[in-house]
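Trainee: The structure is given below, and queries will be raised subsequently.
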Amino acid sequence: MGVKVVKFGGSSLADANQFRKVADIIKSDEKRKFVVPSAPGKRFREDTKVTDMLYSCYELVKSGKDIKDQFGKIRERYNGIISDLGLDLSLDKEFEEIEYCLKAKSGRDYAASRGEYLNGIILAAYLGYEFIDAAEVIYFDDNGSFMLDKTIEAVRERIKNVECAVIPGFYGITLNDTIKTFSRGGSDVTGSIIARAVRAEIYENWTDVSGFLIADPRIVEDPKVIKTITYKELRELSYMGATVLHEDAIFPVRTAGIPINIRNTNDPSAPGTMIVAEDNSEETSRNTITGIAGKKGFCAINIEKSMMNSEVGFVKKILDILYKNDLSFEHIPSGIDTMSIVLSAASLEGKEEAVLSQIRKEVDPDHLEIEHNIALLAVVGHGMYKTRGTAARVFAALSHARINIKMIDQGSSELNIIVGIGESDFEDAIRCIYSAFIDSAE
Ligand code: ASP
């Protein structure tokens with residue numbers, strides 16, 4: 001029988017009621033044998049995640065303050081879950097040890113990791129699954145880089161005689177025995193690693209939304225869910241600002257061809273989004289595009305020089321200047337005698353004058369300026385590769401909405417079309433492209 005790895009995010013485990021939903025989901029499919037929990041998240045909008053409470057304990061200790069009250073609140077969160085679930089379990093010993101270690105300055109990552117650790121113990125007890133501490137199996141080297149091969153080996157060895165287990169997300173251990181976490185949201189990464197190690201048939205990532213949405217719901221009203229998306233498309237959309245899954249959660253499963261299914265704990269019958277290596281579904285060919293995402297906060301350095309096209313090494317000189325100023329760029333659209341460098345405005349802050357004067361000195365341009373307040377928008381979809389007229393539809397939609405396009409870039413993969421527009425046009429642009437492609441495909 002195949003095995004499924006299921007990861008539950010913080011809001012899925014925020015209180016006893018959520019724990020019950022999680023247990024129902026797990027018990028409804030006997031393949032769901034390996035469970036990766038996050039720390040308890042927010043129960044309501046103004047609530048605080050346990051991870052953030054733990055970070056604040058760390059900060060309090062660092063500034064010489066007492067953590068009694070703050071740590072007391074953390075105890076209460078867990079004890080509330082335990083008693084509401086009617087569990088015969090005491091974490092008093094663990095609380096004592098953790099409070100002691102926090103006071104003894106065991107480190108920021110150690111502090112944060114305890115949220116998942118404690119939640120894992122409770123969930124394992126509630127499910128009747130074995131608890132495997134992530135510090136036994138997830139390894140980082142002494143520079144803090146994650147060690148995939150050693151980890152896979154350790155997981156396989158550890159679960160040899162284990163049928164079902166809970167393995168907390170977010171952290172592991174370095175070779176010199178220090179607790180280390182992934183970056184925020186890192187339980188997604190743990191889930192993916194465990195899925196790879198146990199050769200899961202699927203990695204289910206349970207959260208509080210029914211999958212990836214085609215566009216940001218704060219901009220488009222009630223956008224549709226993406227049913228299937230390829231790893232590559234996901235990378236493009238995540239890069240451009242769509243968030244649901246930690247970016248590093250892709251690589252462990254990708255090479256093994258294990259699909260990821262984003263699911264909603266609060267609506268378990270919804271199929272969610274499937275993330276796969278290749279997608280030939282009908283839905284995709286009908287819609288042509290998979291998603292739209294974008295970000296504000298870019299600027300463009302516009303350079304004009306007559307006969308630029310015949311000047312060998314022109315672009316190299318410009319790239320050297322970027323390199324020396326530790327700047328990475330997003331796009332370099334170019335014309336015959338013009339080129340623009342689109343880059344994040346934040347990265348250029350404080351360096352503008354230096355960069356401009358170096359460009360003037362190196363290439364002696366006829367015209368040089370920085371254009372501010374640019375937004376980039378990516379229309380992503382592997383279906384556009386086979387379909388004529390996708391670009392025309394994007395540009396027609398923008399033109400009907402009277403939006404001026406400042407830049408166009410279509411990558412060689414033909415997976416996306418990127419347009420640069422004014423920041424004030426950003427929301428309208430997303431809405432008009434959404435309705436041109438998605439509403440018209442009804
Ligand atoms: N609890 C951690 C965080 O809040 C990790 C996670 O939830 O994935 O970032």
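Trainee: Quote the relative contact order of the chain in percent (integer), defining contacts as alpha-carbon pairs under 8 Å separated by 6+ residues.
Mentor: Worked out over the chain, it gives 13 percent.
Trainee: Compute the length gained on full extension between Ser28 and Asp248: take 0.36 nm times their separation in residues and subtract their Cα-Cα distance, giving the result in nm to one decimal.
Mentor: 76.3 nm
Trainee: Determine the alpha carbon to alpha carbon distance for each of Lys21/Lys42; Lys49/Lys105; Lys4/Lys224; Lys232/Lys386; Lys227/Lys295 and list only those over 18 Å. Walk me through the intermediate numbers first.
Mentor: Details: Lys21/Lys42 16 Å; Lys49/Lys105 21 Å; Lys4/Lys224 26 Å; Lys232/Lys386 16 Å; Lys227/Lys295 23 Å.
Pairs exceeding the cut-off: Lys49/Lys105; Lys4/Lys224; Lys227/Lys295.
Trainee: Separate question: What is the sum of charges around Ile219, taking Lys and Arg as +1, Asp and Glu as -1, for the other residues whose C-beta is under 14 Å from the C-beta of Ile219? List each step's numbers first, then the result.
Mentor: Values: positive: Arg218, Lys224, Lys295, Lys296, Arg431; negative: Asp216, Glu221, Asp222, Glu423, Asp425, Glu427, Asp428.
With Lys, Arg at +1 and Asp, Glu at -1, the net is -2.
Trainee: To the nearest 0.05, how large is the calculated FRET efficiency for Glu59 and Ser310 if R₀ is 56 Å and r is the Cβ-Cβ distance?
Mentor: On the way: r = 58 Å, r/R0 = 1.04.
In this case the efficiency is close to 0.45.
Trainee: I need the phi-derived Karplus couplings for the range 314-323: 6.51 cos²θ - 1.76 cosθ + 1.60, θ = phi - 60°, integer Hz, Gly and Pro marked x.
Mentor: Using θ = phi - 60°, the values come out as 4, 5, 4, 4, 5, 5, 4, 5, 4, 4 Hz.
Trainee: Quick check on the exposure proxy: order Thr390, Thr181, Thr207 from fewest to most C-beta atoms within 10 angstrom. If you can, show how the numbers build up before the last one.
Mentor: Working: Thr390 20, Thr181 27, Thr207 23.
With the sparsest Cβ surroundings first, the list reads Thr390, Thr207, Thr181.
Trainee: By count of other Cβ within 10 Å, fewest leading, how are Glu427, Glu157 ordered? Before the final figure, lay out each step's value.
Mentor: Details: Glu427 16, Glu157 11.
So the ranking, lowest neighbour count to highest, is Glu157, Glu427.
Trainee: I would also like to ask the following. In terms of Cα to Cα distance under 16 Å, which lysines are near enough to Lys317, apart from those fewer than 8 places away along the same chain?
Mentor: Counting by Cα, and skipping residues close in sequence, Lys317 has these lysines nearby: Lys305, Lys361.
Trainee: Moving to a separate point now. Could you state the number of Å between the C-alpha centres of the range 92-140 and the range 253-273?
Mentor: Spelled out, the Cα-based centre of one part sits 27 Å from the other.
Trainee: Moving to a separate point now. Measure out, as a whole number of angstrom, how far apart the alpha-carbon centroids of the range 365-440 and the range 302-323 sit.
Mentor: Measuring centre to centre over Cα atoms gives 26 Å.
Trainee: How do Ser347, Ser11, Ser334 line up, fewest other C-beta atoms within 10 Å first?
Mentor: Details: Ser347 18, Ser11 21, Ser334 15.
Neighbour counts put them in this order, fewest first: Ser334, Ser347, Ser11.
Trainee: Let me ask another. Provide, as a two-decimal number, the C-alpha radius of gyration of the range 321-442 over 2.2 N^0.38 Å, N being how many residues it has.
Mentor: Here the Cα radius of gyration is 1.23 times the empirical estimate.
Trainee: While we're looking at this one, here's another question. Using the Cα atoms as the points, what is the convex hull volume per residue of the chain in Å³? Intermediate results must be reported in sequence, preceding the final value.
Mentor: Details: hull volume 78.0 nm³, N = 442.
Normalising the Cα hull of the chain by residue number yields 176 Å³.
Trainee: Now for a different question. From the helices alone, meaning DSSP H stretches of at least four residues, give me the mean residue ellipticity at 222 nm for the chain, per-run term -39500 (n - 2.57), in deg cm²/dmol to the nearest 500.
Mentor: Result for the chain, helices only: -11500 deg cm²/dmol.
Trainee: Restricting attention to the range 90-180, which trypsin sites (Lys or Arg not before Pro) occupy a DSSP loop and are surrounded by at most 10 other Cβ atoms within 10 Å?
Mentor: Passing sites in the range 90-180 are Lys160.
Trainee: Among the trypsin sites (Lys or Arg not before Pro) within the range 278-381, which fall in a DSSP loop and have no more than 14 other Cβ atoms within 10 Å of their own Cβ?
Mentor: Hits after loop and neighbour filter: Lys351.
Trainee: Moving on to the next point. For the range 99-199, state which chymotrypsin sites (Phe, Trp or Tyr not before Pro) are in a DSSP loop and have at most 12 other beta carbons lying within 10 Å of their beta carbon.
Mentor: none
Trainee: Amide H to amide H under 5 Å from Ile408: which residues, 5+ apart in sequence or cross-chain, H placed 1.01 Å off N in plane?
Mentor: Result for Ile408 returns Gly420.
Trainee: Of Ile226, Ser413, Tyr117, which is farthest towards the positive pole of the chain's charge dipole, taken about the Cα centre with +1 and -1 on the beta-carbons of Lys, Arg and Asp, Glu respectively?
Mentor: Tyr117
Read-outs throughout are calculated quantities, based only on the coordinates presented, and are distinct from any laboratory measurement. All figures in this text were calculated on a predicted structure; none of them were measured in a lab. Note that we place each Cβ from the backbone using ideal geometry, even for glycine, and neighbour counts take in every protein chain shown.
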